[in-house]
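Structure first, commentary second.
The values are calculated or read from the model by the stated rules, or taken from the named source; none is laboratory data. Predicted model only: the values in this text are computed from it and were never measured. Cβ coordinates were reconstructed from backbone atoms using ideal geometry, including for glycine residues, and neighbour counts include every protein chain displayed. For accessibility, only protein heavy atoms count, side chains too; no ligands or nucleic acids. Shrake-Rupley method; radii C 1.70, N 1.55, O 1.52, S 1.80 Å.
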Amino acid sequence: MEDLIKGRLGGADGFNVRCAIDGDRISGRAGGRLYGQDIELEITERGVQGTVGEESVKIELEEGELRGHVGNQKLVLRGVDRVTGFLGEPIVGWNVAAQQQGERLQGQLGSTVLGRPFELDLGTAPGWVGTLVAVVAFYALEPRVSGKAVSS
């Protein structure tokens, strides 16, 4: 049975996120047709692996935390319905905080001033999956995170 994770990252000036979950596979898109990235993830016995755009995602469960990389950034996530963590390096990274309430997930990537809030409908997915999708989308479309230049 297919389930959907959909919502918005970054408020009014942000972008949409929409992913389908089919078994252990998560596939979808962050952003729109002109400015967006495809997300393809698979939940494995040891963690999550896949791609966002042309970048790889590889995260493994270690000591109760998901640890690994999204592209060139380190990622650590802990928790199931209340998720905290960090993307990047300690001085130039982004805090991750999210809370699931029923089928809704609300969170923040980065500081309240410079970061991005997000809200996602999870369907039956757990909060950690929605948080991971938000982090992967953030990495893909925020040029200051991925290190990609934005052309105007």
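Any idea what the dipole of the chain comes to, in debye rounded to 20, about its Cα centre with Lys/Arg Cβ at +1 and Asp/Glu Cβ at -1? Each step should come with its number before you reach the end.
Numbers: 16 positive and 21 negative charges, 106 e Å.
For the chain, the charge dipole is close to 500 debye.
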* Separation in nanometres of the label points that stand 7 Å from Cα toward Cβ, at ALA12 and ARG25 -> 3.9
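To the nearest 0.05, what FRET efficiency results for TYR35 and GLU63 with a Förster distance of 30 Å applied to their C-beta separation? Display every interim value, and only then the final one.
Details: r = 37 Å, r/R0 = 1.25.
The computed FRET efficiency comes out at 0.20.
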* Asked: On average over all directions, what projected area in square nanometres does the chain have, based on the convex hull of its Cα atoms?
  -> 8.6
* To do: Starting from the residue with the highest accessible area, list GLU65, GLU42 in decreasing order, probe 1.4 Å.
  => GLU42, GLU65
* Structure fact -> Output for region 1-102: trypsin sites (Lys or Arg not before Pro) sitting in coil per DSSP, at most 10 other Cβ within 10 Å, listed by number, reads ARG33
* **Local net charge near THR51, Cβ-Cβ under 14 Å (Lys/Arg +1, Asp/Glu -1)** => -2
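Counting only heavy atoms of protein chains, what accessible area per residue, in Å², does the chain have with a probe of 1.4 Å? Intermediate results must be reported in sequence, preceding the final value.
Numbers: 8260 Å² over 152 residues.
With the other protein chains kept in place, the chain gives 54 Å² per residue.
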* Can you check what the net charge comes to around CYS19, using other residues whose Cβ is under 9 Å from the Cβ of CYS19 (Lys, Arg +1; Asp, Glu -1)? => +3
* Between VAL92 and ASP3, what FRET efficiency comes out of the Förster formula 1/(1 + (r/R0)^6) with R0 = 41 Å and r the beta carbon distance, rounded to 0.05? -> 0.75
